[in-house]
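The structure appears below as structure tokens.
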Amino acid sequence: MKLIDRQDYLNKLINVIGTPDIKVITGVRRSGKSKLLEAFKEYILDNISDANIIQINFNLTRFEELKEYHALENYIEYAYEKEKENFIFIDEVQMCPQFELTINSLHAMEKYDIYITGSNAFLLSSDLATLFTGRTFDIKVYPFSFKEFVQYYSLTDLDSAFDRYIKEGGMAGSYLYKEPEAKFDYIADVFDTLIVRDIRQKYKIRNTVLMDRISEFLMDNVSNLTSARNIADSLTKNKEKINHKTVGSYLEYLCNAFAFYKFRRYDIRGKRYLSSNDKFYLSDHTFRYAKLGTKNLDYGRVLENIVAIELLRKGYEVYIGVLYKKEIDFVAVKRNEKIYIQVSDNISDEKTFEREVSPLLKIKDAYPKMLIARTRHEEYQYEGIKIIDIAAWLMQK
């Protein structure tokens, strides 16, 4: 498979070399965590002359005997070289039961630089503080961005490239397949594996049909306001009552495994989170095509999903803005930076344009405001609002 330089992620790893943290690489299945670790290994070998890399990949049968935590620790200790800088790389660490005991023990020795990846339902950000006694540093890896997609295929026409990206998405493993159906079969299989192998296994899901129905409901309602209660009500059929608390738990499991990301609503004027109704976005928009086909196809929702994940990829904390009963698609915050963003497919119609800019014009503070749309034109300003083509925005640093 062709590899590209995912420098932003690589820089994050390079910048924490030598820190005492346990570095944990997380992200949706098949998003490139293992490839990132390999690229990092190459960097270390090229730049640290006294490096000793102790690498275990539990996907390989030759490490089968290390799937016992004492054996894992003994193997690493035997491979330690006193006069060198010792790095530990462990891929799919969850395949070793009680792996956290070994990681904590090795970390306590203060002589290793530790990096691990794992299937995400077993290695959740929310679990890290419980699993590990030492401080952790979480590197979040996402599927390919549009910019990476363009780089991978060496594309120059951004309009046609974006047309392809809308359909093909960022699951790079699918790029090896030439036929569209084969691509979507691969992507659907990744999603099904994510649910079947990871979520069902960890949480011992009994009602697998309900889990499938919930995930399909979320895909079909990307960018719509959603709650566990209204999902339960929508899925209730033939007087078979679905418990909204069960639905809430399943939603949490899907987000824990990075299948979906939940975005909360925030009252901009009242400066408080709103407790009811959130929005859910897919970790990669192409899962929707692969699982549901073109049923209820809405390009506006797809574009909104792409922007949502790109904002996370850029390191923003993101929520849905509410102001005077108007909705702002995204409020993106990073330290002292804040951006108000609306997303639309087509703003050539005057009424659509007015509908999109109206909520932004009501915001009275001085933070930047932006309308991201499929304009196919150069960036311009309207009443202080930046109007920018989505493909151009996705290509920016």
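Brief remarks on what is shown
- Residues of region 111-121 include at least one that is modelled with pLDDT of 90 or more, more than 25 Å from T193 (Cα to Cα) and loosely packed, with under 13 Cβ neighbours inside 10 Å.
- Residue in region 294-304 that is in contact (Cβ under 8 Å) with a residue 60 or more places away in the chain, open to solvent by 40 Å² or more (accessible area, probe 1.4 Å), over 18 Å from the mean Cα position of the chain (by Cα) and more than 27 Å from H244 (Cα to Cα) present: yes
- Residue check for L371: modelled with pLDDT under 95 and within 23 Å of V222 (Cα to Cα): no
- In a residue-by-residue description of region 311-324, the property of being modelled with pLDDT under 95, in contact with a helix residue (DSSP H, G or I) (Cβ under 6 Å, 6 or more places away or on another chain), in a strand (DSSP E or B) and open to solvent by 10 Å² or more (accessible area, probe 1.4 Å) applies to no position.
- Criterion: over 27 Å from Y186 (Cβ atoms) and among the small types (G, A, S) - qualifying residue of S283, S358: S358
- Among the conditions (1) surrounded by 14 or more Cβ atoms within 10 Å (Cβ to Cβ); (2) over 17 Å from the mean Cα position of the chain (by Cα); (3) closer than 30 Å to S276 by Cα, the only one that S215 does not satisfy is (2).
- Within region 177-197, the residues that satisfy the criterion of being out of contact with any Phe, Trp or Tyr (no Cβ under 7 Å at 6 or more places or on another chain) and free of Cβ contacts under 8 Å to residues at least 60 places away in the same chain are K178, E179, P180, E181, A182, D189, D192, V196.
- Test: residue in region 226-238 that is modelled with pLDDT of 90 or more, within 30 Å of L128 (Cβ to Cβ) and either open to solvent by 40 Å² or more (accessible area, probe 1.4 Å) or outside any helix (DSSP H, G or I) (or both): yes
- For region 262-270, the condition holds for at least one residue, the condition being that it is at pLDDT below 90, farther than 25 Å from A391 by Cβ and not in a loop (DSSP other than H, G, I, E, B).
- Tabulated pairs, region 348-373, first farther than 25 Å from Q396 by Cα, second surrounded by fewer than 17 Cβ atoms within 10 Å (Cβ to Cβ) and of a type in the set (A, V, I, L, M), C-beta under 6 angstrom, 6+ apart or interchain: none
- If the condition is being surrounded by fewer than 16 Cβ atoms within 10 Å (Cβ to Cβ) and either among the aliphatic types (A, V, I, L, M) or part of a helix (DSSP H, G or I) (or both), then region 366-394 contributes only A366.
- Some residue of region 352-361 being open to solvent by less than 60 Å² (accessible area, probe 1.4 Å) and in contact with a helix residue (DSSP H, G or I) (Cβ under 9 Å, 6 or more places away or on another chain): no
- Check on F63, in contact with a helix residue (DSSP H, G or I) (Cβ under 8 Å, 6 or more places away or on another chain), within 17 Å of G118 (Cβ to Cβ), of a type in the set (F, W, Y) and buried (at least 18 other Cβ atoms within 10 Å of the Cβ): no
- Evaluated against (1) of a type in the set (V, I, T); (2) modelled with pLDDT under 90; (3) crowded, with 21+ Cβ neighbours inside 10 Å, V150 falls short on exactly one condition, (2).
- In region 7-59, the residues that are of a type in the set (D, E, K, R) and either closer than 23 Å to S174 by Cβ or free of Cβ contacts under 8 Å to residues at least 12 places away in the same chain (or both): D8, R29, R30, K33, K35, E38, E42, D46
- When residues of region 66-103 are limited to those that are open to solvent by less than 10 Å² (accessible area, probe 1.4 Å) and polar (S, T, N, Q), the one modelled with the lowest pLDDT: T102
- The residues in region 266-287 that are in contact with an Asp or Glu (Cβ under 8 Å, 6 or more places away or on another chain) and buried (at least 20 other Cβ atoms within 10 Å of the Cβ) can be counted, and the count is 2.
The values are calculated or read from the model by the stated rules, or taken from the named source; none is laboratory data. What you see is a predicted model, and the numbers here were worked out from it, not measured in a lab. With ideal geometry, Cβ positions are generated from the backbone for all residues, glycine too; neighbour counts draw on all protein chains shown. Quick note on the areas: whole protein, heavy atoms, side chains included, nothing else; ligands and nucleic acids left out. Shrake-Rupley method; radii C 1.70, N 1.55, O 1.52, S 1.80 Å.
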